[in-house]
Each structure stands twice: as C-alpha cells, then as structure tokens.
Amino acid sequence: GGVKTLHPKVHGGILARRHRPDDVAALAAHAITAIDMVVVNLYPFAAAAANPDLPFDDLVEEIDIGGPSLVRAAAKNFRGVLVVVDPSDYPRLLDELAMTPSLAFRYELMRKAIAHTGAYDTAISATLASIDLADEVFVRRPAPGPGLPERMDLQLEKLRDLRYGENPHQRAAWYRPSSAGSESDAAGLGSARILQGKELSYTNLLDLDAAARIVLEFDEPSAAVIKHTNPCGAAIGVSASEAYVRAREADSKAAFGGIVALNRPVDVATAEAIVSTFIEAVIAPAVDDAAAAILGRKANMRVVTASFDQLRSAGVELRTILGAALVQERDFVAEARHPWSGALPEGLRVVTTRHPTVEEWEALRFAWRVCAHVKSNTVIFTDAAKTLAIGAGQMSRVDAVNVATMKAGERGERFLGGSVAASDAFFPFRDGLDAVAKAGATAVVQPGGSVRDAEVIAAANEHGLAMVFTGRRHFRH
C-alpha cells in the first residue's frame with residue numbers, strides 16, 4: 001500500500017514523452033498506459049503540525065511521499081501531462097479540457113505544482129527543526145523563544161503588484177506565505193478580500209495591519225483609526241458603530257482620511273457612520289449585505305475583509321534589515337486579557353500609597369492594551385472606553401506627554417482631567433510623571449524597572465496618583 005503510486009507503470013505513464021518514439025515504444029513494450037493528467041491533494045502535513053499534541057510518529061506519517069513524487073514527475077513532463085494541485089483550478093481545468101489545453105496553461109500549472117511541493121517540503125523542514133531528540137524521546141521545543149530554528153526557509157507567493165512602495169519611485173508587491181494546503185489556510189492580510197475601492201497601496205496595507213493589531217487586543221466590539229501606523233483614536237463600545245464613532249471622535253481632525261479597523265462585521269449603523277466622513281480604507285471580519293450597499297456610496301474607499309482568528313495565538317514575525325533579517329515572537333498584551341480590578345495578573349503591582357479605583361482599573365487596562373501598539377516612545381491618555389490624547393514616537397517621555405497634551409489642548413484646558421495615562425516603558429526621571437500629573441491624569445500604568453523608580457513613585461505619591469507597574473515593556477519600533 002505504501003508504494004502503490006511508486007510503481008514503474010505509474011511513473012512510466014507520467015514521464016513518457018509523447019514526441020519521443022523510443023518512449024512511446026517503451027510504453028508499448030511494457031504494457032504501460034500513458035497518463036495525461038495528475039491531480040493530487042498532498043497529505044495535510046501543515047494542519048497536522050499545527051496540533052502541538054500530535055505524537056511525533058503520527059506527525060511523520062503525515063509526510064507524503066508518493067504525492068510529491070507524482071506531482072514532480074507530472075510537472076517535469078508538463079508538455080504532455082496536466083498537473084493539478086489546487087482545487088481552485090478545477091473550473092479552469094474543465095474549460096481547458098473542453099477545448100485543447102494550451103501550452104501556456106500547462107506551463108502555469110507546472111510552475112504552480114513545483115512551488116507547491118517546495119512549500120510542502122519547507123513546512124516539513126521547519127517543523128522538524130523545532131523538534132529535538134532527548135533521551136530517545138522526540139520533544140517539540142516551546143515555540144517561539146530561545147528555540148527559534150537554526151534555519152528558516154521562507155517561500156512567498158505574490159498576491160499582486162502594487163502601484164508603488166512608500167514612494168512613487170519604489171517598486172512594490174504584496175505577498176503571502178506559500179501554503180501547502182488550500183487558500184483557506186491563509187490568515188490575516190494573506191486572506192484578505194477586497195470588496196470595493198481604489199487599488200490598495202503599500203502604505204494602506206501597513207496601516208491596515210497596524211489598525212487590525214489594536215482591535216485584536218479586545219474581545220468586546222472595538223475600533224481603531226490609524227494614520228501612518230499610529231492610532232488617531234481607539235475605542236470599545238457596546239456595538240461596532242459606537243466603538244467606531246468614539247475612535248473617530250477621539251481626534252476627528254486626524255481621523256480625516258484615516259484607515260479603520262473593526263473586530264466585528266460592519267453593519268448598517270457602522271457603515272452609515274463610516275461614510276459620514278472621508279475614510280481611506282476599512283478592514284473588518286465581514287460586511288453585512290445591507291452595509292455593503294451603504295459603503296458603496298464611497299466608491300473610492302477601499303473595503304477589505306480578512307480573518308485574523310488564527311493570529312490571536314503566539315507566532316513569529318520576520319522583519320528585514322539591511323543585508324539580514326530579524327525574527328521575534330509576536331507581541332501580545334497577555335497580562336491585560338482579563339480584568340485588573342480583581343486579582344492582579346502575575347507581575348502587576350500597585351506601587352503607590354493610593355490604589356486605583358474600579359473605574360481607574362478599567363481605564364488603565366484599556367490604556368495598556370492600546371499603548372502597546374503606538375510607536376515608542378509613547379505616553380497616551382485614555383478613559384475606560386476610548387483614547388483621549390496620544391503622544392507617539394517621541395525621543396523622550398516628556399516630549400511624548402507634551403505632544404499628547406498639545407493635542408488635548410485643542411479640546412479644552414482640562415480635557416485630560418480625570419484621565420489615566422500609560423507609558424510603554426519606564427519613566428527614567430520624575431519629570432515625565434510630573435508632566436502626566438500636570439495634564440490631569442489620576443492614575444498611571446507603566447512597566448517599572450528604572451534605577452530611579454523610587455523617585456518616580458515618590459512623585460506619584462506627591463501628586464496623589466495611583467500607579468501600577470506591569471513588569472513588562474511593550475515597545476513598538
């Protein structure tokens with residue numbers, strides 16, 4: 001059974017070149033029938049590897065041998081043999097068979113087949129690189145972490161060319177990881193469907209990614225409005241429409257022409273709110289049919305749906321630098337997954353004389369989740385449901401506070417009174433904390449860990465602030 005496809009009469013029928021008399025004669029001499037089409041679905045190794053509890057020997061059983069051999073043989077003889085590895089090609093295949101399959105179509109299938117087996121082998125190699133033999137037992141290393149593989153083979157397939165990159169003189173394209181399975185295995189912006197609007201740009205995609213990362217931090221309905229990968233506003237609400245309006249109004253001037261992400265399907269109420277102003281692009285899990293008609297009023301607005309559920313768990317991210325690449329574990333604000341007003345997660349501690357109120361706890365938790373997705377150095381001010389002022393990407397914490405308070409000043413002198421503040425890394429001096437207190441915040445969340453923590457804590461006590469240390473930093477560069 002294990003070698004039923006690894007047989008001369010099978011591979012002879014695939015590899016025989018129809019234009020070679022000696023090959024045709026060999027078929028006849030050995031009673032081999034020519035095979036004109038090979039359709040293969042490989043064993044689902046990637047799906048098996050995704051199950052961390054699958055025993056090693058069962059995982060090895062999912063390594064297909066005959067399937068890739070059939071595919072590669074057919075691909076090599078593509079002039080005479082059609083090779084099909086993607087069910088989405090079946091309709092086109094039937095159309096071609098109704099006529100005479102063109103050489104261009106055969107070559108397209110051949111290239112796709114070779115890429116398919118290459119991605120399949122890469123998935124196997126990458127998985128085995130994470131499994132060690134210890135005391136005669138095969139053990140999968142915790143992934144990711146110190147056990148990142150010694151070698152990473154990355155295969156990407158182009159989704160489309162982009163008009164240009166960050167600037168018009170730069171060429172650019174949109175890729176996703178090559179899948180050894182079907183398109184349903186794709187996730188995030190690799191699974192995106194463009195429902196309407198102008199062509200997506202390179203910077204649109206970066207902003208869609210930045211916006212989606214924020215809303216994925218929340219279980220309740222949430223929305224984020226992004227400009228240049230930083231949030232103009234982020235909010236939660238009892239509905240997607242309420243969350244969106246709160247996020248937009250957090251900085252309505254900056255939100256004009258922004259990129260919007262939602263973690264709920266776009267319904268009629270949300271669609272009406274979105275089209276009431278100028279928005280460049282929207283990403284959500286889905287769009288209701290009635291809402292799609294409303295969004296269609298803004299014909300140029302890009303509307304994208306994508307599934308991010310698979311990306312809520314741990315994974316790795318790759319980023320290129322000049323002549324090399326960096327790989328890290330994806331950052332999640334795991335310490336803020338559950339309410340803080342009860343038992344504090346491990347690592348969190350109140351370091352001031354005054355403890356946060358119940359309302360401040362809710363606001364601090366919200367602020368901490370958003371803060372992690374603002375370019376560092378950052379200090380942000382929020383209430384329990386929305387951002388109020390954001391100081392992003394500054395060279396010092398005082399500068400970050402000053403930028404935030406400058407923005408808030410447009411809303412009134414005491415607009416930040418009663419707010420909470422979050423800083424993505426510790427305050428190295430008390431001046432940043434003094435600036436936060438002066439702005440009107442009553443509670444602060446920060447990682448702690450500075451050699452001057454005692455000085456900063458004393459400053460917080462002087463101002464009557466409640467301050468929480470998380471013990472974990474969330475830089476975003």
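Structural remarks
- Residue in the stretch 24-36 that is of a type in the set (A, V, I, L, M), open to solvent by 20 Å² or more (accessible area, probe 1.4 Å), on the phi > 0 side of the Ramachandran plot and outside any helix (DSSP H, G or I) present: yes
- Given (1) within 21 Å of Ile236 (Cα to Cα); (2) outside any loop (DSSP other than H, G, I, E, B); (3) touching a residue at least 60 places away in the same chain (Cβ under 8 Å); (4) not hydrophobic (A, V, I, L, M, F, W, C), index of the condition Glu359 fails: (3)
- In the set (1) open to solvent by less than 60 Å² (accessible area, probe 1.4 Å); (2) in a helix (DSSP H, G or I); (3) of a type outside the set (D, E, K, R); (4) over 24 Å from Tyr107 (Cβ atoms), the condition left unmet by Ile63 is number (2).
- Pairs linking a residue in the stretch 324-346 that is farther than 20 Å from His373 by Cβ to a residue that is modelled with pLDDT of 90 or more and in a loop (DSSP other than H, G, I, E, B), with Cβ atoms under 9 Å and 6 or more positions apart or on different chains, are Ser341/Pro356; Ser341/Thr357; Glu346/Gly471.
- Evaluated against (1) in contact with a Ser or Thr (Cβ under 6 Å, 6 or more places away or on another chain); (2) at pLDDT below 95; (3) of a type outside the set (Lys, Arg), Leu6 falls short on exactly one condition, (1).
- Residue-level analysis places Thr203 outside the set of residues that are under 12 Å from Val260 (Cα atoms) and surrounded by fewer than 24 Cβ atoms within 10 Å (Cβ to Cβ).
- Test: Leu208 is of a type in the set (A, V, I, L, M), open to solvent by 40 Å² or more (accessible area, probe 1.4 Å) and within 14 Å of the chain's Cα centre (by Cα): no
- Residue match in the stretch 247-257 (condition: under 16 Å from the mean Cα position of the chain (by Cα), of a type outside the set (Val, Ile, Thr) and either surrounded by fewer than 23 Cβ atoms within 10 Å (Cβ to Cβ) or at pLDDT 95 or above (or both)): no
- Failed item, numbered, when Phe426 is tested on (1) assigned to a loop (DSSP other than H, G, I, E, B); (2) out of contact with any Pro (no Cβ under 6 Å at 6 or more places or on another chain): (2)
- Of all residues in the stretch 266-290 being more than 21 Å from Ala254 (Cβ to Cβ) and over 25 Å from the mean Cα position of the chain (by Cα), the one that is surrounded by the fewest Cβ atoms within 10 Å (Cβ to Cβ): Asp289
- Condition met for Ser423 (in contact with a helix residue (DSSP H, G or I) (Cβ under 7 Å, 6 or more places away or on another chain) and either open to solvent by less than 40 Å² (accessible area, probe 1.4 Å) or β-branched (Val, Ile, Thr) (or both)): yes
- Entry remark, the stretch 214-235: residues being surrounded by 24 or more Cβ atoms within 10 Å (Cβ to Cβ) and more than 17 Å from Lys375 (Cα to Cα) number 3 in total.
- From Ser307, Ser313, residue being at pLDDT below 90, under 14 Å from the mean Cα position of the chain (by Cα), exposed (fewer than 13 other Cβ atoms within 10 Å of the Cβ) and part of a loop (DSSP other than H, G, I, E, B): Ser313
- Each residue in the stretch 72-91 was checked for being open to solvent by less than 10 Å² (accessible area, probe 1.4 Å) and closer than 13 Å to Leu103 by Cα, and 4 of them qualify.
The values are calculated or read from the model by the stated rules, or taken from the named source; none is laboratory data. All values derive from a computational prediction rather than experimental measurement. Every residue, glycine among them, receives a Cβ derived from its backbone with ideal geometry; neighbour counts consider all protein chains shown. Areas reflect the complete protein model, heavy atoms only, side chains present, ligands, DNA and RNA absent. Shrake-Rupley method; radii C 1.70, N 1.55, O 1.52, S 1.80 Å.
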